[in-house]
């Protein structure tokens, strides 16, 4: 659950980073315009981009911290319960192996 949240946060941060880059490019494109209304809009946009950058940096810090906590928690669990983890891995391998073998058998039946 925590890993998925961290992945979603990272994806959101990437998307926000792209939006900020595009907004900065737009601001540079309209920087030459001398129209007062455009100047006001440019200032508002620059303020919004600055705020977005600050929030993005904070979101990245939180996502990194969350991922680190999840990693530490997972490592601690594995160290405290190695046999449980090993049993889960073996059971998962058996289930996946059985499913794989079943799909191979059904392909042979269909081809034969």
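Every read-out reported here was derived from the displayed coordinates using simple, explicitly stated rules and does not represent laboratory data. Everything numeric in this text was worked out from a predicted model, so none of it was measured. Cβ sites come from the backbone with ideal geometry, for glycine too, and all protein chains shown count toward neighbours.
Data overview
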{"item": "0 to 90° range, to nearest 10: angle between helix 82-111 axis and the chain longest Cα axis", "result": "80 degrees"}
{"item": "Helix 36-80 axis, angle to the chain major axis (alpha carbon atoms, nearest 10°)", "result": "20 degrees"}
{"item": "Helix-only [θ]222 nm of the chain, DSSP H runs n ≥ 4, -39500 (n - 2.57) each, per residue, nearest 500", "result": "-33500 deg cm²/dmol"}
{"item": "Highest to lowest packing among 42-48, 77-83, scored as the average C-beta count within 10 Å", "result": "42-48, 77-83"}
{"item": "Cα-based helix-to-principal-axis angle, 2-29 vs the chain, degrees rounded to 10", "result": "30 degrees"}
